[in-house]
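Engineer: Take a look at this one; I'll ask things after.
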Amino acid sequence: MKKYKLEITEKQAKIITQSLNLFSRIGMGQLEEIINHPQWIFTVDNQYDRDIIKNSINTLKKHLCNLDSYSSFGIYQEEVDDINRVAWDLQQVIRHKLAWDRNPKGGITVDFGVPMKSSKEDLAKIEEI
């Protein structure tokens, strides 16, 4: 299997992590996460519009994912394709490294926990250069 190295900045690593998180969550049926995208999070400023968006997302979720409102699949469920697990694993690895770089003493948030493999791929490796 081919392997690649990618040199990125801390900001780019954060954006990659956010992107992979959104990608994997959409793959688990968490379509409501779309409105939490930084581009849109502050654009809906009234409850009426939020309700319309939520209803639209719930309709899409029902027809696309066969899921009820406020439900989703877990990352390990068979309904979730491995491509989403690869994205999930990769974002965990990057998130973990960023957390320890930010606070070398550690912390109690999920970011500091050892990434758990969910896909068929080996976990990625990341190091500061």
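The values are calculated or read from the model by the stated rules, or taken from the named source; none is laboratory data. Just so we're clear, the structure is a prediction, and the values are computed from it rather than from any experiment. Cβ atoms come from the backbone with ideal geometry, glycine included; neighbour counts cover every protein chain shown.
Engineer: Please enumerate the residues belonging to the stretch 1-56 that are of a type in the set (Phe, Trp, Tyr) and either farther than 30 Å from Glu78 by Cβ or touching a strand residue (DSSP E or B) at 6+ places or on another chain (Cβ under 8 Å) (or both). Talk me through it step by step, then tell me what you get.
Structural biologist: Taking the stretch 1-56 and keeping what is of a type in the set (Phe, Trp, Tyr), we get 4, 23, 40, 42, 48.
Across the stretch 1-56, the qualifying residues are Trp40, Phe42, Tyr48.
Engineer: Assigned to a loop (DSSP other than H, G, I, E, B), under 14 Å from the mean Cα position of the chain (by Cα), within 18 Å of Val110 (Cα to Cα) and free of Cβ contacts under 8 Å to residues at least 60 places away in the same chain, is that true of Gly29?
Structural biologist: no
Engineer: Further question: If I filter the stretch 35-50 down to residues being over 22 Å from Ser118 (Cβ atoms) and either at pLDDT 95 or above or surrounded by 11 or more Cβ atoms within 10 Å (Cβ to Cβ) (or both), which single residue comes out as nearest to the chain's Cα centre (by Cα)? Walk me through how you get there before you give the answer.
Structural biologist: Initially, the stretch 35-50 is screened for residues over 22 Å from Ser118 (Cβ atoms), giving 35, 37-50.
Next, only the ones that are either at pLDDT 95 or above or surrounded by 11 or more Cβ atoms within 10 Å (Cβ to Cβ) (or both) stay: 35, 37, 40, 44, 49-50.
Details: Ile35: 13, His37: 11, Trp40: 16, Val44: 22, Asp49: 25, Arg50: 22 Å.
This residue is His37.
Engineer: Going residue by residue through the stretch 105-126, is there one that turns out to be assigned to a helix (DSSP H, G or I), crowded, with 16+ Cβ neighbours inside 10 Å, aliphatic (A, V, I, L, M) and out of contact with any Lys or Arg (no Cβ under 6 Å at 6 or more places or on another chain)?
Structural biologist: As a first pass, look at the stretch 105-126 and keep what is assigned to a helix (DSSP H, G or I): 110-112.
Applying the additional criterion that residues be crowded, with 16+ Cβ neighbours inside 10 Å yields 111.
Checking the rest, the ones that are also aliphatic (A, V, I, L, M) come to none.
No: the stretch 105-126 contains no residue that is assigned to a helix (DSSP H, G or I), crowded, with 16+ Cβ neighbours inside 10 Å, aliphatic (A, V, I, L, M) and out of contact with any Lys or Arg (no Cβ under 6 Å at 6 or more places or on another chain).
Engineer: Being closer than 25 Å to Thr9 by Cβ, modelled with pLDDT of 95 or more and not small (Gly, Ala, Ser), is that true of even one residue in the stretch 52-71?
Structural biologist: Residues of the stretch 52-71 closer than 25 Å to Thr9 by Cβ: none.
No, the stretch 52-71 contains no residue that is closer than 25 Å to Thr9 by Cβ, modelled with pLDDT of 95 or more and not small (Gly, Ala, Ser).
Engineer: Out of curiosity, is Gln12 of a type outside the set (D, E, K, R), in contact with a Pro (Cβ under 8 Å, 6 or more places away or on another chain), assigned to a helix (DSSP H, G or I) and under 23 Å from Arg85 (Cα atoms)? Please lay out each step first, then the result.
Structural biologist: Values: of a type outside the set (D, E, K, R): yes; in contact with a Pro (Cβ under 8 Å, 6 or more places away or on another chain): no; assigned to a helix (DSSP H, G or I): yes; under 23 Å from Arg85 (Cα atoms): yes.
For Gln12, the condition - of a type outside the set (D, E, K, R), in contact with a Pro (Cβ under 8 Å, 6 or more places away or on another chain), assigned to a helix (DSSP H, G or I) and under 23 Å from Arg85 (Cα atoms) - is not met.
Engineer: For the stretch 64-75, give me each residue that is surrounded by 12 or more Cβ atoms within 10 Å (Cβ to Cβ) and either without any contact (Cβ under 8 Å) to a residue 24 or more places away in the chain or within 20 Å of Leu20 (Cβ to Cβ) (or both).
Structural biologist: Scanning the stretch 64-75 gives Cys65, Ser69, Ser72, Phe73, Ile75.
Engineer: Mind counting the residues in the stretch 76-104 that are surrounded by fewer than 19 Cβ atoms within 10 Å (Cβ to Cβ), closer than 18 Å to Leu31 by Cα and in contact (Cβ under 8 Å) with a residue 60 or more places away in the chain?
Structural biologist: Of the residues in that region, 0 qualify.
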